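Each reported figure results from applying straightforward, stated rules to the coordinates on display, with no laboratory input. This one's a predicted model, so the numbers in the text were calculated from it and none came from an experiment. When we count neighbours, we look across all protein chains shown, and the Cβ atoms used for this are built from the backbone with ideal geometry, even at glycine.
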Number of protein chains: 4
Amino acid sequence: MIRVTVWNEFGHERKDPEVKKIYPDGMHAVIASFLAANEDITAGTATLDQVEHGLTQEVLDNTDVLIWWGHYMHRFVSDEIVERVYNRVMQGMGLIVLHSGHASKIFRRLMGTDTHKLRWREDGSMARLWVMDHAHPIADGIGEYIELPAEEVYGEYFPIPKPDDLVFVSWVPGGEVFRSGCCWHRGLGRVFYFQPGHETYPTYYDANIQRVITNAVRWAYRPVIYKPISGHLEPLKDISLGTKK
Amino acid sequence: MIRVTVWNEFGHERKDPEVKKIYPDGMHAVIASFLAANEDITAGTATLDQVEHGLTQEVLDNTDVLIWWGHYMHRFVSDEIVERVYNRVMQGMGLIVLHSGHASKIFRRLMGTDTHKLRWREDGSMARLWVMDHAHPIADGIGEYIELPAEEVYGEYFPIPKPDDLVFVSWVPGGEVFRSGCCWHRGLGRVFYFQPGHETYPTYYDANIQRVITNAVRWAYRPVIYKPISGHLEPLKDISLGTKK
Amino acid sequence: MIRVTVWNEFGHERKDPEVKKIYPDGMHAVIASFLAANEDITAGTATLDQVEHGLTQEVLDNTDVLIWWGHYMHRFVSDEIVERVYNRVMQGMGLIVLHSGHASKIFRRLMGTDTHKLRWREDGSMARLWVMDHAHPIADGIGEYIELPAEEVYGEYFPIPKPDDLVFVSWVPGGEVFRSGCCWHRGLGRVFYFQPGHETYPTYYDANIQRVITNAVRWAYRPVIYKPISGHLEPLKDISLGTKK
Amino acid sequence: MIRVTVWNEFGHERKDPEVKKIYPDGMHAVIASFLAANEDITAGTATLDQVEHGLTQEVLDNTDVLIWWGHYMHRFVSDEIVERVYNRVMQGMGLIVLHSGHASKIFRRLMGTDTHKLRWREDGSMARLWVMDHAHPIADGIGEYIELPAEEVYGEYFPIPKPDDLVFVSWVPGGEVFRSGCCWHRGLGRVFYFQPGHETYPTYYDANIQRVITNAVRWAYRPVIYKPISGHLEPLKDISLGTKK
């Protein structure tokens, strides 16, 4: 059983009537709900306004994959909690960063670059996410591309480190492209960034988007985690014994 | 259920008494046997001397992951069968190439470089395969490294294309290192090269080696395969409809 | 001094009046000319109809970087010459494959996949090549993107191996994206694929396109080439001497 | 002319007589000296005890490639200066991190992982650095491997992000391997980590080590830097104009 926690700053859904109509209980509720519909996944939620942002050490210790949605309140996320999440990724927890989470503290911390910088605009235009690697597990069940009738536009140059795997590149009518689905290993954990999900569109109800996020949860999940040792260590014993006499 | 076919040129085991003692029914029998002990895997075998080398179109069409062991008879593998295997990899079949299979026609065809060239010697020395990426599914259940009491030595420079993932690097007492576990996507298929398995050592009875090959089968298996289209294609319809009025 | 040879099948320019008007002496002449305008580059040419396609062993032995343009006559390129070019790439010669050269024998041989498959159409639409890696030497002197008023459309899925470096991704108005500038190391050689250059457009007169090809020549050029040894080799001597007593 | 600044915490050379004997003026002096012997390179130095650690904004603005050596005083490097260096890397300055610099604040900041963790010991054993990519510019002029008579041992697992390019892997008699030469692009800058250089050995006098560092300086240097824009941006103009009527 894969234990997912969906974290959301949960701001837009409370203050913007337009967003509230789409996600009355918050985006995290919708994401947790479609994930939990899978037999191999359980999904809890956590939000910024909870004690320790809902990410106590206990919650994180019992989370296999953390999903992150944040936008205008990144700066209110406590540095201590960011470090706690970081340490869990180092230890093997998966992390899926959605949409404006590209500018979150945790994503910037893990990438080591200015990932908050990119082109963007809201003009209600459609987006088409082309699959770049049909052999990648995150693309399972997806055809040539995913088409969304309306999404916020993000465009390159996106100053991420070279993705370990590049799964999607987006096309938008306004003339931009964007690396919209990217994988990295960081420490013992696996990280996926996925661009769609602006709060004013019903993106997380889209069947293909749900499929990608579900695939990503399974990809990021590590059933077996070995923690390598480090420090001052003696030479490995008996190395000469194996040599033929 | 993952359908594996283990292919072996099956020469050493018949003509070298030393090898026959270790693998009386051939290495393919041992490999198929430990794989089939898993509930999610079925494993058949095929050998060079069979009609069409045991790799008829029907066999390949019903193979999800093909394992390849060959050594001194690479040149007797028919070009037509190589092309058939190649086409199945392009369509999504997984391929695991073992040991001296680095010089096989199919591996050279898929890599596009002179992968038959490398340093080697048989001095019975031990080998230690260090894990380079503990977050990789092929390393699941493996500790810092795998130690084999005796293996053939392979050493760099190994002129492979840059691996998509580098899972193992080997250390040998004689002074060499070797990229001994490497992954690539090729077309819709996934390819893993794994160095251990010289015919004169009981390598394929080693629990860690069996674990890696089993992990690799699961990694290479693709339950869902979408075949992208190509050719002369009209612009995608309705691309303007999504743009905000 | 970097010694470039520009190879062209030189067919369209002779038989299509429209193409002849743009490239009266062939595309190879234009490419060799803008390259040779650089103080550090000399550029010769070779064409399909010459003896040994103009690629004698002597010519190749004196070529640091080979540029390849071919389209409808790939099948008339002799397998022997392809193997000669392949061997030179293995030995360290650079190779720049342009436009429809994605379907050439030499590119398919080096990639090991069905790179002839992709979406395409000629509708005279513009193309915008976005820079994906501003720190890459091939992007030197290029801004956010290169815009071409008219080019043939190529679209994903392009079944290339994962590029070692992804330098450009193209956007076209018809709704497609394409990985239009990709680097790989193959053996001791460096390979760059660059998508623009349909024969019916004056693409190779474009200052940015010339800049990219010139950058690519400098990137692919290897002033110093060490050829590693391989084969049956004894353990490296004196390895124990360095160990502290 | 490539402007290099060699930064050194400059502690061991002052307090340890053994180190002082090898590097009487500090390692930075030796490194700057062999670099400045090249016609295309000028090299200055900076140390921890200088005002702003010698890394004023003006110094950094006039540095194309920064070299970093630190060990036991990482924690005394001011966070403000680290951020200044970080910003210059984002803007295109090259960075070469040597030896124990793997645990420096700036390297950890740029990698986004716990790069301070690895196996290590000082037993005076030799080290052999195998070239993994003979086509890489940093390996120019190096043969199969570099052999050092004595170096500190570092061993995997080294929790770095997957290197964009893996240039060296080290072998040591004690049984470990280590990814000892690794490249990454970060923002507009290029970063190289190179393992050798323990203070108690005369490593930086070794001709091959000097060659690698010199190669790395040239590789990391960016003569032309384009700074991409970001933020709220309108659709690109005139995108429809190129489409055929």
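Quick notes on this structure:
- Directionally averaged shadow of region B:1-65, computed from the convex hull of its alpha-carbon atoms, nm²: 4.3 nm²
- Anchor C:Lys117: aspartates and glutamates whose Cα lies under 12 Å away (excluding residues fewer than 8 positions away in-chain): C:Glu156
- Computed over region A:124-245, the quotient of the alpha carbon radius of gyration and 2.2 N^0.38 Å is 1.49.
- Here the sum of -39500 (n - 2.57) over DSSP H runs of 4 or more residues, divided by the residues of chain A, equals -6500 deg cm²/dmol at 222 nm, to the nearest 500.
- Pairs spanning more than 30 Å between alpha-carbon atoms, out of C:Lys162/C:Lys227; A:Lys20/A:Lys105; D:Lys21/D:Lys162; B:Lys20/C:Lys227; B:Lys227/C:Lys105; A:Lys227/C:Lys227: D:Lys21/D:Lys162; B:Lys20/C:Lys227; A:Lys227/C:Lys227.
- Inter-site label distance for D:Tyr205 and D:Gln91 at 7 Å from Cα along Cβ, in nm: 3.9 nm
- The simple Förster model, with R0 at 35 Å and r as the Cβ-Cβ distance, assigns C:Glu18 and D:Ile229 a FRET efficiency of 0.40.
- Nearest 10 degrees, 0 to 90: helix D:27-36 Cα axis against chain D principal axis: 60 degrees
- Cβ crowding within 10 Å, taken as a proxy for footprinting-reagent exposure, orders C:Glu83, D:Glu234 from fewest neighbours to most as D:Glu234, C:Glu83.
- Percent of Cα-Cα distances greater than 30 Å, calculated over chain B: 25 percent
- For region D:132-173, projected area of the alpha-carbon convex hull averaged over all directions, nm²: 3.8 nm²
- Cβ-Cβ FRET estimate between D:Glu80 and C:Asp40, R0 fixed at 56 Å, reported to 0.05: 0.85
- Diffusion coefficient, µm² s⁻¹, Stokes-Einstein with Kirkwood Rh over alpha-carbon pairs of the protein assembly as shown at 10 °C and 1.306 mPa s: 54 µm²/s
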